[in-house]
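Any read-out appearing in this document is the output of simple, stated calculations on the displayed coordinates, not a laboratory observation. Note that this is a predicted model, so its numbers are computed, not measured. Please note: Cβ atoms are built from the backbone with ideal geometry, for glycine as well, and neighbour counts cover all protein chains shown.
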Amino acid sequence: MRLLLVFIGLAALLAVGCGGSPAANNADASNANSAQVETFTDANLALAEGNRLLDENQTQAAINVLKQAIQLNPDLAEAHFKLGIAYDLREMQNEREGVVGEASTNSKDARKKTNAEISFENAVIAYKKWIDSNPKDDAAHFYLGRTYAKLTKDDEAEESFSEAVKLKPDDTEYQTELGAILIKLALYREAIAPLKKAIELDPANGRAIDLLEDAEAGRRRVDYVSPKNTNQNANKPSNTNANSAMNSNSNSAPKPPEANAKPKPTEPKDGRPRMIANKPR
């Protein structure tokens with residue numbers, strides 16, 4: 001029995017010395033497994049796996065897989081976009097945890113761009129290249145708009161969303177994103193129509209419902225006229241009324257009698273000019 005207790009104690013000491021607490025070991029193993037990914041030879045399969053990992057919040061593993069997809073097909077626009085999303089998620093997590101955000105060493109700008117920004121910029125290039133050959137691809141226009149929105153290029157995003165809506169008007173998501181970017185551009189009146197269409201297509205579209213309220217509130221703010229200014233204007237006669245009154249007074253005033261009118265100079269009958277005496281000083 002004594003030997004058994006000694007053996008158990010030695011085993012515990014070895015466990016602590018080799019890897020720390022069992023909980024820490026489990027956490028480390030979980031983190032390591034989350035980053036371990038399969039090696040792919042097909043870009044589309046790698047993209048599908050990257051999307052799955054993103055959906056399951058396995059961000060680092062998704063990054064590793066999406067990088068493979070891009071290596072296999074550098075023109076795969078969706079892989080660039082989803083890689084940007086994954087980097088964005090990791091950077092937000094780092095910010096919450098107080099970890100210094102990573103920046104790419106490839107940028108020559110004064111402010112180094114984040115990996116998320118670079119991935120979104122690469123996505124713009126890839127989407128535009130695809131659209132040049134496939135101008136009727138509504139999904140490509142839509143995701144190009146989303147990519148511009150991630151880069152806060154709102155005018156370009158609005159243009160791409162408008163094109164997606166034009167190509168496929170019966171898509172509630174397209175209409176919602178168009179309305180959202182129009183609100184961001186303070187074009188509240190223009191945002192109302194697509195948001196109403198989005199709700200018509202999907203009455204359960206809660207985001208569109210909330211955005212429609214924002215758009216209508218923004219329109220009321222823009223169209224609002226201060227009551228103070230309205231009252232002040234009401235107390236002032238309009239120019240039309242004032243002019244009418246002046247014209248009326250002018251027409252009704254009595255004309256001076258002819259006797260008071262200044263006589264016009266007349267020419268003498270002999271044709272010689274009449275001499276006018278100088279007035280005394």
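Among the listed pairs Lys112/Lys150; Lys128/Lys166; Lys129/Lys168; Lys113/Lys184; Lys128/Lys150; Lys82/Lys150, give every one whose C-alpha distance is greater than 19 Å.
Lys129/Lys168; Lys113/Lys184
Using the Cα gyration tensor of region 137-225, with a ≥ b ≥ c the square roots of its eigenvalues, what is the shape: rounded (a/c below 1.5), prolate (a/b larger than b/c) or oblate (neither)?
Verdict is oblate for region 137-225.
Return the aspartates and glutamates within reach of Lys67: Cα separation strictly under 16 angstrom, same-chain partners fewer than 8 residues apart disregarded; answer none if there are no such residues.
Glu38, Asp42, Glu49, Asp75, Glu78, Asp88, Glu117, Glu121
Between Ala48 and Ala217, how high is the FRET efficiency from 1/(1 + (r/R0)^6) when r is the Cβ-Cβ distance and R₀ = 41 Å? Nearest 0.05.
On the way: r = 41 Å, r/R0 = 1.01.
Step by step, r from the Cβ atoms, then E = 0.50.
Rounded, prolate or oblate: which fits region 46-92 when a ≥ b ≥ c are the square roots of the eigenvalues of the alpha-carbon gyration tensor, with rounded for a/c under 1.5 and prolate only if a/b beats b/c?
It comes out prolate by the Cα gyration axes.
Order these peptides, 82-94, 127-139, by their mean beta-carbon neighbour count within 10 angstrom, highest first.
82-94, 127-139
Quick check on packing: order 41-48, 143-150 by the mean number of other C-beta atoms within 10 Å, highest mean leading.
Per-residue mean Cβ counts within 10 Å order the peptides as 143-150, 41-48.
About the Cα centre of region 137-225, what is the dipole size in debye to 20, counting +1 per Lys and Arg Cβ and -1 per Asp and Glu Cβ, all else neutral?
In total the dipole reaches around 280 debye.
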